[in-house]
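Below is one structure, written out as structure tokens; the observations come after it.
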Amino acid sequence: MSTRRNRSWPGTRRPCSAGRCGTRCGRWPSRAPRQGCRQAPERQAPSAVRPSVPRSACCAFSRLHEEIRPKMLMSESELFPLLRCPRTGGQLQAVGDRLVAPSAESPVEYDVVDGRPVLVNFDHSILVREDIRGMTSVVTRRAYGGLMGLAKRIASPLKRATRANVERLMGLLLVQPGAARVLVVGGGTVGQGLESLYASSRIELAGFDIYSSGYVQFVADAHQIPLVSGSFDAVIVQAVLEHVLDPAQV
């Protein structure tokens, strides 16, 4: 039911920070050493002679803000082999600061913005490239906390059907051996009633939306989901169908 895990994102054992930190911490290189590295970085050369460190799409993809990224999201090394080109369905390669899908006619390139691959075929989407680059939600989704959050829960309590569906899904996922994988379509926020799903240590989540947030690992159009078929044990479509052009296709 679920495609087996490919944890070999090429280069995951390269020295972090493009070799500046002497350890092999299993992270992709970035501009600065990652927290948790065991060896301090070497003193930087003067700016006039400082060697340049080429940026890579994999480096940018791994630079999801760890202070806001939930721990239950799949790691980039697990997710990257599952990503596909929404135009050709082919595998993606990291070339410079972009992801590229080789093609017999011409390679198809995708930007990586704010650490998230933008895997959208704009020729067949109502999404606009310039809007995606702004990485802001086109749908107003307020986050309520404190008294406002309490008032919202009182005014709009969790529906019994929603609670029952989530509990049933959790029961089905947790009986299988190992961690279950769940894809959240429209995963820019934690949906009402899904808190237990995000809190479970036995569920690995992958989320995408048409804007960036701490719960999103890539940006895509739900009409053309850029993932290998059969890679997840369950799919949650969250507050999306009422906003898409063709709900049946999604």
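Name the residues in segment 79-124 that are within 20 Å of VAL228 (Cβ to Cβ) and of a type in the set (Ser, Thr, Tyr), would you?
Across segment 79-124, the qualifying residues are THR88, SER103, TYR110.
When you go through (1) in contact with a strand residue (DSSP E or B) (Cβ under 6 Å, 6 or more places away or on another chain); (2) assigned to a loop (DSSP other than H, G, I, E, B); (3) of a type outside the set (Phe, Trp, Tyr) one by one for GLY193, which number turns out not to apply?
Just one mismatch for GLY193, condition (1).
Those residues that are part of a loop (DSSP other than H, G, I, E, B) and under 15 Å from the mean Cα position of the chain (by Cα), I need them from segment 93-121; list them, please.
Quick first cut of segment 93-121, residues part of a loop (DSSP other than H, G, I, E, B) only: 96-97, 102-107, 114-115, 120-121.
Across segment 93-121, the qualifying residues are ASP114, GLY115, VAL120.
Among the numbered criteria (1) surrounded by fewer than 18 Cβ atoms within 10 Å (Cβ to Cβ); (2) at pLDDT 85 or above; (3) not polar (S, T, N, Q), which one does ILE126 miss?
Here ILE126 clears every test but (2).
Sort through ALA180, ALA164 and tell me the only one that's touching a Leu at 6+ places or on another chain (Cβ under 8 Å) and either surrounded by 11 or more Cβ atoms within 10 Å (Cβ to Cβ) or modelled with pLDDT under 55 (or both). Quick ask: steps written out before the conclusion?
Details: ALA164 fails: touching a Leu at 6+ places or on another chain (Cβ under 8 Å).
Residue meeting the stated conditions: ALA180.
With respect to the numbered conditions (1) in contact (Cβ under 8 Å) with a residue 40 or more places away in the chain; (2) aliphatic (A, V, I, L, M); (3) surrounded by 19 or more Cβ atoms within 10 Å (Cβ to Cβ), which one is the sole condition not fulfilled by LEU197?
(1) is the only condition that LEU197 fails.
Evaluate segment 95-104: report whether one residue or more is in contact with a helix residue (DSSP H, G or I) (Cβ under 8 Å, 6 or more places away or on another chain), surrounded by 14 or more Cβ atoms within 10 Å (Cβ to Cβ) and among the small types (Gly, Ala, Ser).
no
Which of (1) at pLDDT below 90; (2) closer than 30 Å to ARG98 by Cα; (3) surrounded by fewer than 20 Cβ atoms within 10 Å (Cβ to Cβ) is the odd one out, the single condition VAL235 does not satisfy?
(1)
Scan VAL175, VAL185, VAL139, VAL190 and give me the residue that is at pLDDT 90 or above and surrounded by 12 or more Cβ atoms within 10 Å (Cβ to Cβ).
Working: VAL175 fails: surrounded by 12 or more Cβ atoms within 10 Å (Cβ to Cβ); VAL139 fails: at pLDDT 90 or above; VAL190 fails: at pLDDT 90 or above.
When all the criteria are applied, what remains is VAL185.
The values are calculated or read from the model by the stated rules, or taken from the named source; none is laboratory data. Source: prediction; values computed, not measured. Cβ: placed from backbone, ideal geometry, glycine included. Neighbour counts: every protein chain shown.
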